[in-house]
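The values are calculated or read from the model by the stated rules, or taken from the named source; none is laboratory data. On a predicted model such as this, the values are computed, not experimentally measured, just so you know. Neighbour counts run over all protein chains shown; Cβ positions are idealised from the backbone, glycine included. Note: accessible area is taken over every heavy atom of the protein model, side chains too, but ligands, DNA and RNA are not part of it. Shrake-Rupley method; radii C 1.70, N 1.55, O 1.52, S 1.80 Å.
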Amino acid sequence: MSDSGHKTRQRRTIGAPLRPGFAFRLAMRESRHGLRRIGVYVASITLGVGALVSIHSFRDDFARSVQEEADVLMGANARLSGDVVPGPEIEEVLDSLRDAGAGVARVTTASSMILAPSTESVRLLQVRGIDPGYPFYGDVVTEPEGAWGQHLEPGQVLVDPAVLTQFGVDIGDSLTVGTLTLQIAGTVDDLPTDVAFQTAIGPRVHMSQETLEAAELIGFGSLARHEVFLEIPDENERRAIRDRYDELFQTSDVTFRTAEEQAQSLSNGVRFLGRFLALVGLAALLLGGVGVASAIHVYIREKRASIAVLRCLGAGQGTAFLAYLSQAALLGLIGAASGVVLGVALQEVMPIVLRGVLPVEVTTRISVTSVGAGLGIGIWVAVVFALIPLLQVRDVPPLAALRQDFEPPRRRFDPLRLGAWTLLGASVLSLCAYEAPNVELGLAFALSLAVAGAAIASVGVGLMFVTRRYFPSRASYPVRQGVSNLFRPQNQTISVTLALGFGAFVIGTIVQVEGALRDDLTVSFGSGRPNLLLFDIQTDQLEGIRSLLPLDVRGESETSPIVTSRIASINGIEPDSLRSNPDPAARPEAWALRREYRNTYRSYVGRAEELVSGRWWDGTAGSEDGIEVDAGELPRVSLEIDVAESLRVGLGDTITWNVSGARIPTVITSLRSVDWGQLEPNFFAILEPGVLESAPQNIVMVARIEDPQARARVQRALVGAFPNVSALDFSRVQEAIDAVLSKVRQAVAFLGGFSALAGIIVLIGALATSRMQRLREGALLRTLGARQSQVMTVLFAEYLALGSIATASGLILAVVAAALLMPNVFEIDYTLRPLPILTIWGVVVCLTVLTGLVSSRDLLRRPPLPVLREASE
Amino acid sequence: MGESEAAEVSACGDTSGCEQAAVRAKARVERTRNVMMIVAEGLKKSYTSGGRPLPVLQSLDLSIEADSFVSIVGPSGSGKTTLLGLLAGLDEPTSGRVLLDGEDIFSFSEDGRAAFRAERVGFVFQTFHLLPTLTALENVLVPLELRGEGNEARGSAVSLLERVGLGGRLDHFPSQLSGGEQQRVALARAFSNRPKILFADEPTGNLDHETGASIVEMLEHLNQEANTTLVLVTHDLALAERADRILTLGGGRVVEDRPGEGSG
């Protein structure tokens, strides 16, 4: 029945005074009893806030630790670095700095095959030649103590401890490095400048600059890193150096970096990771928000009689609303405050979880900003999610005190409701944008959450429709009763579906993305792909090296010549003039213009490449267009599509290369996209054969040797016969990357666990809040003569139907989300993994049924009358 | 309320009759001023059910003098509760108007009517409707706190509870009280804001005969003492007879309007 009272009368604007004091006192009094029932939701807010606070605090801890240790992490106050030996102009600058009292120390790092003659094992290691004095800051811990100062003795090296275990040697044994055999004088146990990833990829051998030169490792075109470390404590002086020599550094391809800048970029890297983790934490918190909304919805329904009485006694809509809003805020405050405590405790755990990924020892300190933000965000999420169900308070008419079943007519348009939804949307958007690594990703995250929420809610609506439409009218009575509970008045179908489905969605997506990432990594190194990369091969060594390979792979080994080149001009304009182009859209990016290119020449398109535009030498057309460029007499070149964009060039433009002083003009006739993730020799620029053959070059070779023993034999033989050639065994790289990734996965799983736990808590809460209704119903059934087993079957049927469909809806969405995320964000092909999905489904459904039955155990244990009494209170 | 007056009321409560006559006589003198506390004019109310209008009250006119005690009786579905809801401004009529203490209550917004109720109206319900999460004392304090009277009101709330015999149960929650005790708390709450009009909806409907009788006695005494206009909806004809005037509803109209035993 609905009210048809007329509404045309002119109203006097007099209103009931707002009584915030009363509202607050009432809230406090009500909270003694009422909040206990929905208190379980506090836990879901607690988990979300805990995750956020721990991540925020950890980010702060990390940034602070890195900044505090900036000089120690670099071992100096500033550093010059480049891929070539510093030229005479840079040497002049260094001399003048030295004269002005600055400390100057060079470090040269190259990769080289090292052999341990005593055990015959061989590996590709980093070899570092170091000037005395380095590092200027921090203490190097060695075994024996103090060895760092003496390792510069000719004929001696210090090694990372991993070298000893990998080679099976000990201090005092010797290593063959290039043309020299050197004695291991000790180990470097802790070099404060180490960043975790460096040592994970390859342990190092430390020696003096003179020893490194004597070993003759660095030949033509060898990959080596030349660094000069500077001790200039005065910040102003460092700034002055940058101002004065910036141009010289740029033209000399030397990068000048201060310790603070390095620290900043390190913390930016971890900040990015931290922000991804924060999104996982935020998902847990938002799940808590959904829980709060669902709890308040039921709570307000239960409080309907009390609200009606309050209205009869003269409480205005505003006062009644405020009383219940305060309770939601109180709930948020309790949840957020306990979340902060949890977060601070977890903050201590984060460095342990992420140990091995972090470059520094992270010291923890309670961060006022993180604690404040966690508290604020927790309360805000609780309130903003509670707001929509709280608006029901206004709709409770005082007449409901006289007629409990009285329902006022629904508002056609409710600006406050619209406002509450808008506020909720805006809050979720801003939170996501605030927490995400960048605004776009945050908005995308918020959008996908909104789509997921809407989709799951519509599954709930659909579920009610379908069960009503296709009601199992032939099933036994308990089953019919259980299923009809899904669409009875005041059912919980949508809120439970939302809680369950959303939880399943978050967990399902995380599991799938993580699984796909792991599989992709395995595939990259998997069957059929090369697993041994040999580089720095001189042309005359090629045949000799081939003869070292097992017979069956000799024919299949692929070689690519590498010709180091620089850009001399583009369309006839020199780099200096190109750089000064005032139009940023036409000005090539400096890095692309300046860098030393390692070009190759070959007749075919590589495995990791796709011809996108133009035509290949043999006339094959690109996938997007097959425009044919007439190169005339000039040699043709194919550019990688991104570097072409950075250079602001396209088909038909000419690039003149400087190859060891000779100028070679080329015309761009095709553009390629390259999958750099594939471990193949890939190139920015490929010239057609017949141009560079006589230029100075070295060669890269890839081969696949299945047998690990045979792979090891090849590497050993190489060190003896061709000490300048390096070999990279991909299986070792995979181990190293796996070690680092497993740490990252551990952290993601750790925080993903929060979402899972929050989902379970929301589920328990959703069922607990509707417990009273179920109890009342069950007690009535028992009064009418239902047996325990029948009541049990009613509950079982309801929970089973609810759990299965809600979880399935969340998981189907998770599959869709993963299928979208994989190719678009992670650039990996998506394949469905049914087993983890089915496992999650089974676990959540069991959990739902179990939770439901456990929360109703009172009903089965106690006689009906006390239950009815309790339910009517 | 002074101690002597309290004693007087208490005495009357214990020995029926006695002082009641004196108090009623005093009230009657005042009623000669002919001040109408409740006036309903052309009051209609219909609901829509199954797409068709379902009339519940049909152009009802009614006036109730200040300080009088009026019972409304009638069979189920005759519109008693609907009328009570409209007179108290808990619901809006389809047409017509209601003047309470001279104010057209439907010229106020819903919040305006709430403010009016806080100032001048009290309620007693069949199912007591105490707030289950508040103690007896806190329940009585609610109307006072809604008027902005905080701590200073506590004394009068305590004294009201003492007068209904619950001085020792101030901190008990409704679930710890019997039905009769809960209704006594509800009475104390109804009078706590010193209302001009008190609406009672089947106040004894959920109580046994004996407890119901004691509640009615209490209600009458508190009412007379506070000079409140009492409108009582009931099925219980014996209870209805205690009023000054009995209105019988049938088919959405007043079909009988006669004096009750209280008028004599």
Query - Cα gyration tensor shape of segment B:130-264, rounded if a/c is under 1.5, else prolate or oblate by comparing a/b with b/c - result: prolate
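Near A:ASN698, within a Cβ-to-Cβ distance under 14 Å, what is the net charge of the other residues, with Lys and Arg +1 and Asp and Glu -1? Present the calculation step by step, with values, prior to reporting the outcome.
Values: positive: A:ARG598; negative: A:ASP536, A:ASP540, A:GLU596, A:GLU693.
Around A:ASN698, the surrounding residues sum to -3.
Compute the signed sum of charges (Lys and Arg +1, Asp and Glu -1) over the other residues within less than 9 Å, Cβ to Cβ, of B:THR228.
Working: positive: B:ARG194, B:LYS196; negative: B:ASP67, B:GLU225.
The answer is 0.
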Report summary line: Chains A and B: accessible area buried, summed over both chains, 1.4 Å probe, nearest 100 Å², reads 4200 Å²
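Give, as a single signed number, the net charge of other residues whose beta carbon lies under 14 Å from the beta carbon of A:ASP246, with Lys and Arg counted +1 and Asp and Glu -1. Could you put the intermediate results ahead of the total?
Numbers: positive: A:ARG238, A:ARG239, A:ARG242, A:ARG244, A:ARG257, A:ARG579, A:ARG594; negative: A:GLU89, A:ASP243, A:GLU247, A:ASP253, A:GLU261.
The answer is +2.
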Requested in this report: Just subtract the alpha-carbon distance of A:SER121 and A:ALA475 from 0.36 nm times their residue separation and send over the number in nm, one decimal.
Outcome: 120.1 nm
Report summary line: Note to self, chain B gives a 222 nm [θ] from helices alone (DSSP H runs n ≥ 4, -39500 (n - 2.57) apiece, / all residues, nearest 500) of -12000 deg cm²/dmol
Report task. Pop out the ³J(HN,Hα) list for segment A:580-595 in order, Karplus 6.51 cos²θ - 1.76 cosθ + 1.60 with θ = phi - 60°, rounded to Hz; leave Gly and Pro as x. Result -> 8, 4, x, 8, x, 6, 9, 7, x, 6, 4, 4, 6, 6, 8, 5
Query raised in the report: Taking Cα pairs under 8 Å and at least six residues apart, what relative contact order does segment B:3-263 come out at, in percent?
Result: 25 percent
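Per the 1.4 Å probe, what fraction of the accessible area of segment B:186-264, in percent, lies on carbon and sulfur atoms? Spell out each step's value before the answer.
On the way: 1480 of 2910 Å².
Heavy-atom surface of segment B:186-264 belonging to carbon and sulfur, 1.4 Å probe: 51 percent.
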Query raised in the report: Hey, what do the phi angles of segment A:819-824 turn into as Karplus ³J(HN,Hα) couplings, whole Hz, using 6.51/-1.76/1.60 and θ = phi - 60°, x for Gly and Pro?
Result: 5, 7, 5, 4, x, 8
Report summary line: With a 1.4 angstrom probe the carbon and sulfur portion of accessible area for segment A:557-703, in percent, totals 48 percent
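Compute the Cα gyration tensor for segment A:106-224, then decide on rounded, prolate or oblate, letting a ≥ b ≥ c be the square roots of its eigenvalues: rounded whenever a/c is under 1.5, prolate when a/b is larger than b/c in the other cases, and oblate in all that remain. Before the final figure, lay out each step's value.
On the way: a/c = 1.32, a/b = 1.12, b/c = 1.18.
The shape class here is rounded.
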Query raised in the report: Can you give the average number of partner chain beta-carbon atoms within 10 Å of each beta-carbon in peptide A:23-32, as a whole number?
Result: 3
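Give the peptides A:570-578, A:638-646 in descending order of average Cβ contacts within 10 Å, highest first. Present the calculation step by step, with values, prior to reporting the outcome.
Numbers: A:570-578: 13.6, A:638-646: 19.8.
The packing order, highest mean first, is A:638-646, A:570-578.
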Report summary line: Sorted by chain and number, the residues with a modelled amide H under 5 Å from that of A:ARG19, at a separation of 5 or more or across chains, are A:THR319
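Cβ neighbours within 10 Å, averaged per peptide: list A:277-285, A:449-457, A:427-435 in order, most packed at the top. Don't jump to the answer; show the numbers that get you there.
Numbers: A:277-285: 26.7, A:449-457: 17.6, A:427-435: 19.9.
By packing density, highest mean first, the sequence is A:277-285, A:427-435, A:449-457.
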Query raised in the report: Which whole number gives the average, over all residues in B:76-86, of C-beta atoms from other chains lying within 10 Å of the residue C-beta?
Result: 2
Query raised in the report: Which loop chymotrypsin sites (Phe, Trp or Tyr not before Pro) in segment A:674-719, with loop taken from DSSP, have no more than 13 other Cβ atoms within 10 angstrom of their Cβ?
Result: A:TRP676
Requested in this report: Indicate the gyration tensor shape class of segment B:3-263 (rounded, prolate or oblate), computed on the Cα atoms with a ≥ b ≥ c the square roots of the eigenvalues: a/c under 1.5 is rounded; otherwise a/b larger than b/c is prolate and the rest oblate.
Outcome: prolate
Report task. Pairs of Cα atoms under 8 Å, at least six residues apart: use those to get the relative contact order of segment A:106-224, whole percent. Result -> 37 percent
Requested in this report: Could you run the Karplus curve 6.51 cos²θ - 1.76 cosθ + 1.60 with θ = phi - 60° over segment A:385-396 and give me ³J(HN,Hα) per residue in whole Hz, x for Gly and Pro?
Outcome: 6, 6, 4, 5, x, 5, 5, 4, 4, 5, 8, 7
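Going highest first, how would you order A:580-591, B:184-195, A:473-484, A:174-185 by mean Cβ packing within 10 Å?
Values: A:580-591: 10.8, B:184-195: 25.4, A:473-484: 15.8, A:174-185: 19.0.
Order by mean packing, descending: B:184-195, A:174-185, A:473-484, A:580-591.
Please report the antiparallel percentage of the DSSP beta bridges confined to segment B:3-263, to the nearest 5. Don't skip to the answer; put the middle values down first.
Details: 23 of 40 bridges.
Around 60 percent of the beta bridges assigned by DSSP in segment B:3-263 are antiparallel ones.
To the nearest whole number, what is the average tally of beta carbon atoms from other chains within 10 Å of the beta carbons of peptide A:300-310? Display every interim value, and only then the final one.
Details: counts 0, 0, 1, 3, 0, 5, 6, 1, 3, 11, 6.
Mean partner-chain Cβ count within 10 Å for A:300-310: 3.
Which whole-number percent is the relative contact order of segment A:557-703 (Cα, under 8 Å, 6+ apart)?
On the way: 311 pairs, mean separation 51.9, N = 147.
Relative CO of segment A:557-703 lands at 35 percent.
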